[in-house]
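Below is one structure, written out as C-alpha cells, with a few remarks after it.
The values are calculated or read from the model by the stated rules, or taken from the named source; none is laboratory data. A quick note: this is a predicted structure, and the numbers were derived from the prediction, not measured. Cβ atoms come from the backbone with ideal geometry, glycine included; neighbour counts cover every protein chain shown.
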Amino acid sequence: MEILDLRHFSSADLRPLLEDEIAMWGRVLSWDYAISAEMILRYMDAKILPGYAAIERGSIFGYSFFVYEQNKGVIGDLFVRDGARSFNRHEVEERLLTHVIETLQQSPGIHRVEAQLLAHNAGEVSRPFLQQGFSRHPRVFMNFDIGRHPQASLPTLPPLPPPFETRPWSEQEYQSAAALITAAYRGHVDSEINDQYRTLAGSLRFLNNIVRFPGCGTFDPQASFVVFERRTRTLVGLILCSQVRPDVGHITQVCVLPEYRSAGLGEAMLAASTMNLRGRGFHFISLTVTEANDRAIALYKRIGFESTRVFDAFVWEG
Ligand SMILES: CC(C)(COP(=O)(O)OP(=O)(O)OC[C@H]1O[C@@H](n2cnc3c(N)ncnc32)[C@H](O)[C@@H]1OP(=O)(O)O)[C@@H](O)C(=O)NCCC(=O)NCCS
C-alpha cells in the first residue's frame, strides 16, 4: 500500500471509491452523499483538493481530504473501503489521518484544525488526533421518525407564546441571523468545536455554507423559520433545515437568544419544521448535537428524537 497526494489523481480515479462511500452514507446516516461527492470530484479535476489517497494495485481504496479556511484547516472526510486485501481498514484510516494532521499542523499560518467525522463511531479513529494534541468532543446523531409520531397522537402543537411570532426564513435575515448565532453560542461548547460561531464574520460564513453551498445537504427554506419578538421586532430564535435525501430533513441549526430561553421557543420552532416536513411527505428528520449539551438533548428526546450513533469532533489549536 502507498499513501499519495490526492492531487496526483483525477475524478475518474476516485469515482469508484465515492460510489462505495455514497452507499455507506445512505446505509448508516440515511443521507444522500451524491451531491457532496460531485463537488469533491469537481475539486479533484481542478487539482485543488488537498488530501491523501491510499493506493493498492494502482487504484484508490481510501482517501481523506481537507480544506483551508483562513487560519484554519478543516478535515472534510475520511473513507476507506472495507475488504482491502492486505490491510486492515482501521490501520489505513489512521495512516491517512496521520498524513492529513501532520500536513495541516505544518502548514504555515494554520493555527487551528477541526474535524467532525460523522460516519465514524466515537473513539474509532481517535488515536492519531489524541496523539497530536487534539481535544475530543463526542457528538450525537439523532433521528426523528415522522411516521412513528402520527400527528393525531401528539399533543396539540405548542403554541408560540403571544409576544412572539414565527416567520419563514428569508435571506433578508442574513445579518441579524448571524448576530443571533454569535450571541447564542457565546461561551457555548459548540463554539469550541466550531470557531465560526465566535464572531459575526464567522457566523456569516457558517450561514453561507449552510444556505448557499450543498456541503451539508441542500438548504430547505420552506422548513426553516425565524422567531421575532413582536414588540421590539428583535430576531430571538431561528431554525435552519436542509434536505439530505428526498425524504429526509436535517436540522443544521437551532438557537434562541439566552434571555429568551425556557419559554418554549425552541420546541415551537422544532414543531414548525416537523409539521412542514410532515406535510411535504418527508419520513425522517435528523440532527447532530454535542453530548455535553444536555438541555438541547433533553429537549430533542422529549419531542421524540432518538440517538442513533455517537461520533467525534476534534479540535487542535497550535
Ligand atoms: C437548545 C435551545 C435552542 C432550546 O431553546 P429554548 O427556547 O430554551 O427551548 P424550550 O424553551 O422549548 O425548551 C427548553 C426548556 O424550556 C422548558 N419549557 C418548554 N416550554 C415551556 C413553557 N411553555 N414554559 C416554561 N418552560 C418551558 C422545557 O421544559 C425545557 O426545560 P429547561 O429550561 O430545563 O431546559 C436553546 O437552549 C439554545 O439556543 N441553546 C444554545 C444553542 C444550542 O445549543 N443549540 C442546539 C445545538 S444542537
Would you pick out the residues in segment 5-32 that are loosely packed, with under 15 Cβ neighbours inside 10 Å and not in a helix (DSSP H, G or I)? 5, 10
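Checking the condition away from the ligand (no atom under 16 Å from the Cβ), among the polar types (S, T, N, Q), in the same structural domain as residue 301 (by TED's automatic domain parsing) and on the phi < 0 side of the Ramachandran plot, which residue from 196, 175 passes?
Values: 196 fails: away from the ligand (no atom under 16 Å from the Cβ).
Within the list 196, 175, the selection yields 175.
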For segment 113-149, give me each residue that is within 15 Å of the chain's Cα centre (by Cα) and in a strand (DSSP E or B). 114, 115, 116, 137, 138, 139, 140, 141, 142, 143
Residue that is within 15 Å of the chain's Cα centre (by Cα) and among the acidic types (Asp, Glu), where the choices are 306, 317, 267, 291: 291
Restricting attention to segment 33-47, does a residue exist that is part of a strand (DSSP E or B) and not hydrophobic (A, V, I, L, M, F, W, C)? no
Given the conditions (1) of a type in the set (Val, Ile, Thr); (2) surrounded by 19 or more Cβ atoms within 10 Å (Cβ to Cβ); (3) in contact (Cβ under 8 Å) with a residue 40 or more places away in the chain, which single one is not true for residue 35? (2)
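Quick one: would you say residue 98 is farther than 28 Å from residue 206 by Cβ, touching a residue at least 12 places away in the same chain (Cβ under 8 Å) and not aliphatic (A, V, I, L, M)?
Working: farther than 28 Å from residue 206 by Cβ: yes; touching a residue at least 12 places away in the same chain (Cβ under 8 Å): yes; not aliphatic (A, V, I, L, M): yes.
Against the criterion (farther than 28 Å from residue 206 by Cβ, touching a residue at least 12 places away in the same chain (Cβ under 8 Å) and not aliphatic (A, V, I, L, M)), residue 98 qualifies.
Could you pull out every one of the strands (runs of 3 or more DSSP E) wholly within segment 199-318 that has 3 or more residues that are more than 12 Å from the ligand (Cβ to nearest atom)?
Those strands (runs of 3 or more DSSP E) span 225-229, 234-245, 306-317.
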Select from segment 180-213 the residues that are over 18 Å from residue 170 (Cα atoms) and of a type in the set (Ser, Thr, Tyr) and list them in ascending order. 182, 185, 191, 197, 199
